[in-house]
Amino acid sequence: MTSKQTLLRGRVLSFTAEPQGADDTSAYEFIEDGALLVADGMILAKGSYDALAPQAAEAEVIDHRPSILMAGFIDTHLHFPQVQVIASWGSQLLEWLNNYTFPEETRFADAGHSAEMAGHFFDLLTSHGTTTAVAYCSVHKTSAEAYFDEAARRNMRMIGGKVLMDRNAPEGLLDTPVSGYDDTKELIAKYHGKGRGLYAITPRFAITSTPDQMEMAGALVKEHPDCYVQTHLSENHDEIAFTAELYPQARDYLDVYQSYGLLTPKMLLGHSIHLQPREIDALAETKAKPVFCPTSNLFLGSGLFDDAGLRSRGITNAIATDIGAGTSYSMLQTLNEGYKVLQLQNQKLHPLRAFHWITRGNAVALGLEGKIGTLEAGTEADIVVLDSRATHAMELRMQRAGTLSEELFILQTLGDDRSIAQTYVAGKPMKPAA
Ligand code: GUN
Ligand code: FE
């Protein structure tokens with residue numbers, strides 16, 4: 001039996017490496033009249049429309065011209081239980097957590113609430129072109145179950161985990177070292193490597209875990225070396241000072257995680273803004289991945305991520321929204337703000353590197369570039385369709401755009417969910433056809 005094939009026609013853009021500058025055409029393939037042959041959730045072939053059309057006589061053809069077909073976006077750090085926290089006024093990190101975030105997250109003890117919010121969360125991801133995300137769930141096992149069950153229902157490649165937190169938060173938001181360990185083990189058994197799901201062991205941050213819990217987290221990492229690990233690092237000065245009080249023996253903030261054996265190439269460290277030289281050395285040595293969260297860092301007034309400084313040490317930086325401290329689900333808007341954060345430091349974010357970052361670059365940070373983040377044959381058919389003329393302002397500006405780089409820069413500066421003409425998850429369109 002031959003399965004149903006779809007031929008997506010459009011302007012195909014796929015990266016093979018990180019572009020090293022404006023003229024680095026070796027890092028990507030751009031096919032002006034291109035096509036992708038898709039079946040069973042996979043990309044079977046990428047090429048020019050003329051080359052692929054004869055092989056695909058049975059396929060349904062969907063013509064997306066003049067939109068750009070690109071790999072679905074990857075968001076490497078955000079918080080599922082913060083869909084109703086985004087856009088909360090007036091405070092910096094610790095006050096924001098205590099006043100807005102923690103009270104809201106207590107509601108995810110309820111399975112019905114978790115399931116309802118999971119539906120909204122996944123709708124928002126795909127309507128903004130994001131097909132893979134790495135999320136923090138709440139402390140409650142129910143929230144992680146709702147997250148992974150909804151991801152499986154939509155056949156999305158999603159990474160996540162319940163947060164481990166056993167102090168410095170309200171009663172309804174605390175586990176214990178043992179219950180956190182047991183719940184995490186159960187969730188790993190149920191969801192890690194099942195379908196497209198992958199688990200991230202998630203000690204929230206040093207402030208909300210006792211040394212006993214950090215030790216349990218270290219044991220989990222040792223017992224499950226194929227799982228991801230995620231946490232927050234050096235986002236805010238008050239956070240750093242409180243961490244030093246709680247862990248007086250640690251050489252610095254990162255040493256809290258390092259001394260419990262959490263640092264591996266599969267570790268994602270949200271923010272990583274105010275780092276000491278020793279911490280940067282440790283990141284370079286362990287190949288743990290800092291995550292740049294520009295809209296969040298601006299919104300909470302946290303600080304400026306030193307992308308160029310870390311890159312010059314051979315460190316691979318990921319990029320993410322950090323919803324709900326982040327202010328947009330859109331990875332395009334994340335690039336827009338990221339560009340400005342780097343401008344303030346006289347660093348540059350070229351649009352070719354920018355679009356590589358939110359696709360193949362984040363896939364590389366996750367070690368998943370063989371599965372997602374490109375449009376290569378044999379990879380999973382997570383695809384975004386980008387309309388560079390989606391708004392009046394974009395249409396007008398596009399009249400003066402002559403190159404692919406200019407068009408991409410217009411998309412990253414002015415684009416958002418209005419520019420997402422379609423999102424395919426494992427070959428399936430998430431929006432009704434227009
Ligand atoms: N640090 C610990 N928890 C959080 C969170 O939920 N959001 C942000 N931005 N930082 C954190
Ligand atoms: Fe975060």
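The values are calculated or read from the model by the stated rules, or taken from the named source; none is laboratory data. The structure presented is a predicted model; accordingly, all values stated were derived computationally and were not measured. FYI the Cβ positions are ideal-geometry reconstructions off the backbone, even for glycines, and counts take in every protein chain you see.
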For residue 317, which of the numbered conditions (1) more than 15 Å from ligand 2 (Cβ to nearest atom); (2) surrounded by fewer than 24 Cβ atoms within 10 Å (Cβ to Cβ); (3) more than 13 Å from the chain's Cα centre (by Cα) fails to hold? (3)
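Pick out, from the range 222-308, the helices (runs of 4 or more DSSP H) lying fully within it that include 3 or more residues that are surrounded by fewer than 23 Cβ atoms within 10 Å (Cβ to Cβ).
Output list reads 237-246, 253-259, 277-286.
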Scan the range 114-128 and give yes if some residue there is at pLDDT 95 or above, surrounded by fewer than 24 Cβ atoms within 10 Å (Cβ to Cβ), closer than 18 Å to residue 333 by Cα and among the aliphatic types (A, V, I, L, M), otherwise no. yes
For the range 310-325, state whether one or more residues are more than 27 Å from residue 275 (Cβ to Cβ) and not aromatic (Phe, Trp, Tyr). no
Criterion: touching a Gly at 6+ places or on another chain (Cβ under 6 Å) and more than 14 Å from residue 205 (Cβ to Cβ) - qualifying residue of 295, 286, 316: 295
Only one residue in 299, 242 is hydrophobic (A, V, I, L, M, F, W, C), within 25 Å of residue 355 (Cβ to Cβ) and within 15 Å of ligand 1 (Cβ to nearest atom), so which one is that? 299
Search the range 194-219 for residues that are under 12 Å from residue 159 (Cα atoms) and pair each with any residue that is part of a loop (DSSP other than H, G, I, E, B) and within 14 Å of ligand 1 (Cβ to nearest atom) when their beta-carbon atoms are under 7 Å apart and the residues are at least 6 apart or on different chains. 202/162
Please enumerate the residues belonging to the range 174-195 that are of a type outside the set (Val, Ile, Thr) and within 12 Å of residue 160 (Cβ to Cβ). 187, 191, 192
Hydrophobic (A, V, I, L, M, F, W, C) and closer than 30 Å to residue 300 by Cα - does that describe any residue in the range 180-195? no
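How about the range 80-158: which helices (runs of 4 or more DSSP H) wholly inside it have at least 1 residues that are away from ligand 1 (no atom under 15 Å from the Cβ) and of a type outside the set (A, V, I, L, M, F, W, C)?
Of the helices (runs of 4 or more DSSP H) lying wholly inside the range 80-158, those with at least 1 residues that are away from ligand 1 (no atom under 15 Å from the Cβ) and of a type outside the set (A, V, I, L, M, F, W, C) span 111-127, 141-153.
Does any residue of the range 145-156 turn out to be at pLDDT 95 or above, within 16 Å of ligand 2 (Cβ to nearest atom) and either on the phi > 0 side of the Ramachandran plot or touching a Gly at 6+ places or on another chain (Cβ under 9 Å) (or both)?
Yes, the range 145-156 contains at least one residue that is at pLDDT 95 or above, within 16 Å of ligand 2 (Cβ to nearest atom) and either on the phi > 0 side of the Ramachandran plot or touching a Gly at 6+ places or on another chain (Cβ under 9 Å) (or both).
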